[in-house]
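Engineer: Before I ask anything, here is the structure I am working with.
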């Protein structure tokens, strides 16, 4: 795996925490009137971080495991909108969310760092994405991370616009 992608994955937990910390406390569960233009899923700030934690564990850990241990598996997409509605994200403790995410991401980075070059060529089909290699999956994870940083920045923009008034 190339160094820039691995370094970006390693740095993401700190970046996510910093972006979340920039959201004013009274806006952690705030939702704008419209989600038009949001670069991530339409989640509040607390929902964003809970989603990232859960996708790491329930999505990418499972996808990596299956791609490494099965022959050309079909990897399922996760219905994040439904999960967000079903889980108590709004009342989650951010410190606990970040702790769980840091642990999960460390496992991801350790796994990726210890793979052989041939492991990155293992194939799967990811519903919604199509055929891929494990290397592709790592890049999709990195892209997903960046979408959520952008989503938090987008929320900050909406918060500032709402404070400015009509």
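The values are calculated or read from the model by the stated rules, or taken from the named source; none is laboratory data. None of the values given here were measured: they were computed from a predicted structure. A quick note on method: Cβ atoms are made from the backbone with ideal geometry, for glycine too, and the neighbour counts reach across all protein chains shown.
Engineer: Taking only the range 127-166 into account, find how many residues are farther than 30 Å from residue 115 by Cβ and more than 17 Å from the chain's Cα centre (by Cα).
Structural biologist: 11
Engineer: Next question, about the same structure. Restrict the check to the range 58-69 and report whether at least one residue is surrounded by fewer than 17 Cβ atoms within 10 Å (Cβ to Cβ), closer than 21 Å to residue 153 by Cβ and under 16 Å from the mean Cα position of the chain (by Cα).
Structural biologist: no
Engineer: Now for a different question. Hey, residue 84 hits all of (1) under 29 Å from residue 161 (Cβ atoms); (2) more than 14 Å from the chain's Cα centre (by Cα); (3) touching a residue at least 24 places away in the same chain (Cβ under 8 Å) but one; which does it fall short on?
Structural biologist: All conditions pass for residue 84, except number (2).
Engineer: Is there a residue being in a loop (DSSP other than H, G, I, E, B), out of contact with any strand residue (DSSP E or B) (no Cβ under 7 Å at 6 or more places or on another chain) and either over 30 Å from residue 163 (Cβ atoms) or modelled with pLDDT of 95 or more (or both) anywhere in the range 50-62?
Structural biologist: no
Engineer: Do we have residue 110 as surrounded by fewer than 13 Cβ atoms within 10 Å (Cβ to Cβ) and outside any loop (DSSP other than H, G, I, E, B) here?
Structural biologist: Answer is yes for this residue.
Engineer: Here is a further query. Going by the conditions given, is residue 101 closer than 20 Å to residue 10 by Cβ, touching a strand residue (DSSP E or B) at 6+ places or on another chain (Cβ under 7 Å) and modelled with pLDDT of 95 or more?
Structural biologist: No.
Engineer: Criterion first (buried (at least 19 other Cβ atoms within 10 Å of the Cβ) and in contact (Cβ under 8 Å) with a residue 40 or more places away in the chain) does residue 145 satisfy it?
Structural biologist: yes
Rundown of residues vs (1) crowded, with 16+ Cβ neighbours inside 10 Å; (2) touching a residue at least 12 places away in the same chain (Cβ under 8 Å); (3) not in a helix (DSSP H, G or I), yes/no style:
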{"site": "103", "(1), (2), (3)": "no, no, no"}
{"site": "115", "(1), (2), (3)": "yes, yes, yes"}
{"site": "120", "(1), (2), (3)": "yes, yes, no"}
{"site": "128", "(1), (2), (3)": "no, yes, yes"}
{"site": "137", "(1), (2), (3)": "yes, yes, no"}
{"site": "159", "(1), (2), (3)": "yes, yes, no"}
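Engineer: Of everything in the range 1-49 that's touching a residue at least 60 places away in the same chain (Cβ under 8 Å), outside any helix (DSSP H, G or I) and more than 20 Å from residue 84 (Cβ to Cβ), which residue is farthest from the chain's Cα centre (by Cα)?
Structural biologist: So, considering only residues that are touching a residue at least 60 places away in the same chain (Cβ under 8 Å), outside any helix (DSSP H, G or I) and more than 20 Å from residue 84 (Cβ to Cβ), the one farthest from the chain's Cα centre (by Cα) is 24.
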